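The structure appears below as structure tokens.
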Amino acid sequence: MDIKVWMYVIYLAVSVGLTIWVARALSRNGQVFLEEVFAEERLARAVNSLLVVGFYLLNLGYVTVAMKHPDPVDSTSQAMEELSLKIGLVLLVLGALHFFNVFALGRYRRNRLRQLATHPPLAPIGRLPMPSAPPGSQLVGAYPGGPQPTGAHPAGPQSGGPQPGGGPTTNPPTR
């Protein structure tokens, strides 16, 4: 047999073997991740099966399309260089598919958790109290020792809960 034919045989054997090994590892270890993403075991198994089929189709399709080498291969070293280039590209495609799937499923999971959140973010109720000034110092524009704005207390609302009209005042402090 020709060196080029041996290169093709080795390329197919290594590429298909890597594809099967990676697909099984991702399927087995990704099941737990998919159950967390979808919060239902049956749906996670179905999506896992679909992802494995899509993974096989995309990767094996790429392997077969990238197999062709138009130039003649005259030496074993040239065949090894071409083989390493082709297998390296297969590994890059495998990695890119994996990271795309993880990224897409992570975004789906975040959106699902955001929709399931029971409590919306809370709006601020009032203002924080001003720090007390050390004796003998004067804070410019501070409430202690200075004029108080009308309708507001420097420490905020005095009761334990929110009060109507206890938000920020619209009157500027007088000087």
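The values are calculated or read from the model by the stated rules, or taken from the named source; none is laboratory data. Note that the coordinates shown come from a computational prediction; the quantities given were computed from them, not determined experimentally. Cβ placement follows ideal geometry from the backbone for every residue including glycine, while neighbour counts extend to all protein chains displayed.
Determine if segment 87-103 includes at least one residue that is over 26 Å from the mean Cα position of the chain (by Cα) and either touching a residue at least 12 places away in the same chain (Cβ under 8 Å) or not in a helix (DSSP H, G or I) (or both). Yes, there is a match, as at least one residue in segment 87-103 is over 26 Å from the mean Cα position of the chain (by Cα) and either touching a residue at least 12 places away in the same chain (Cβ under 8 Å) or not in a helix (DSSP H, G or I) (or both).
Evaluating residue 71 against the criteria (1) loosely packed, with under 14 Cβ neighbours inside 10 Å; (2) part of a helix (DSSP H, G or I); (3) not polar (S, T, N, Q) leaves one unmet condition, (2). Scanning segment 13-35 for residues that are hydroxyl-bearing (Ser, Thr, Tyr) and within 21 Å of the chain's Cα centre (by Cα) yields a single hit, 27.
Mind checking whether some residue in segment 39-55 is within 18 Å of residue 104 (Cα to Cα) and either of a type in the set (Phe, Trp, Tyr) or in contact with a His (Cβ under 6 Å, 6 or more places away or on another chain) (or both)? So far as segment 39-55 goes, yes, one or more of its residues are within 18 Å of residue 104 (Cα to Cα) and either of a type in the set (Phe, Trp, Tyr) or in contact with a His (Cβ under 6 Å, 6 or more places away or on another chain) (or both).
Filtering segment 3-32 to residues that are surrounded by fewer than 13 Cβ atoms within 10 Å (Cβ to Cβ) and farther than 16 Å from residue 73 by Cβ leaves 13, 17, 21, 24, 25, 28, 29, 32. Only residues that are surrounded by 11 or more Cβ atoms within 10 Å (Cβ to Cβ) and either assigned to a loop (DSSP other than H, G, I, E, B) or touching a residue at least 12 places away in the same chain (Cβ under 8 Å) (or both) were counted in segment 50-68, giving 11.
One line per residue, one yes/no per condition, for (1) modelled with pLDDT of 75 or more; (2) loosely packed, with under 10 Cβ neighbours inside 10 Å:
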{"position": "90", "(1), (2)": "yes, no"}
{"position": "93", "(1), (2)": "yes, no"}
{"position": "105", "(1), (2)": "yes, no"}
{"position": "112", "(1), (2)": "yes, no"}
{"position": "115", "(1), (2)": "yes, yes"}
{"position": "123", "(1), (2)": "no, yes"}
{"position": "137", "(1), (2)": "no, yes"}
